[in-house]
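Let me begin by presenting the structure, written as structure tokens, before commenting on it.
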Amino acid sequence: MQRKLNRVLDSSCDDKVLALVDVEGFAPEEVTVTVEDGKVKVLAEHEEERTTSRGKVYNYKNIKKDISLPPGVSEDEVTYSLGCNNVLKIKTEHKHHPCLPRP
């Protein structure tokens with residue numbers, strides 16, 4: 001079974017989209033995106049602590065993705081935004097691949 005939070009979603013037919021990353025369950029301030037060394041690096045971390053009748057309960061989850069930039073795309077061209085549907089969209093202004101037909 002594939003975990004929903006750990007997948008990079010299909011970027012569909014938009015040839016400017018590098019990746020779509022589902023970050024459901026993470027607050028915007030828990031998601032960090034850096035662009036360096038020819039890669040887009042996404043890190044999301046969430047920690048919570050609750051007290052129950054049996055003591056303290058700690059929950060921790062994270063996502064870490066490294067996405068290589070396609071040839072011809074510079075680090076300065078990369079933009080990203082977090083949509084209301086909790087999907088992080090990583091784009092470039094440079095068209096980097098043709099739209100491939102879906103099987």
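The values are calculated or read from the model by the stated rules, or taken from the named source; none is laboratory data. Computed from a prediction, not measured in an experiment: that's the story for all the values here. A quick note on method: Cβ atoms are made from the backbone with ideal geometry, for glycine too, and the neighbour counts reach across all protein chains shown.
Kindly provide the set of residues from region 34-60 that are surrounded by 10 or more Cβ atoms within 10 Å (Cβ to Cβ) and not hydrophobic (A, V, I, L, M, F, W, C), ordered by number.
Thr34, Asp37, Gly38, Lys39, Lys41, Glu45, His46, Glu47
Give me the residue from region 65-86 that is of a type in the set (Val, Ile, Thr) and modelled with pLDDT of 90 or more and, out of that set, surrounded by the fewest Cβ atoms within 10 Å (Cβ to Cβ).
Going through the qualifying residues, I end up with Thr79.
Within region 58-72, restricting attention to residues that are touching a residue at least 24 places away in the same chain (Cβ under 8 Å) and touching a strand residue (DSSP E or B) at 6+ places or on another chain (Cβ under 7 Å), which residue is farthest from Val33 (Cα to Cα)?
Lys61
Among the residues of region 25-38, write down those that are touching a residue at least 40 places away in the same chain (Cβ under 8 Å) and either in contact with a Ser or Thr (Cβ under 8 Å, 6 or more places away or on another chain) or farther than 10 Å from Ile63 by Cβ (or both).
Those that are touching a residue at least 40 places away in the same chain (Cβ under 8 Å) and either in contact with a Ser or Thr (Cβ under 8 Å, 6 or more places away or on another chain) or farther than 10 Å from Ile63 by Cβ (or both): Pro28, Val33, Val35.
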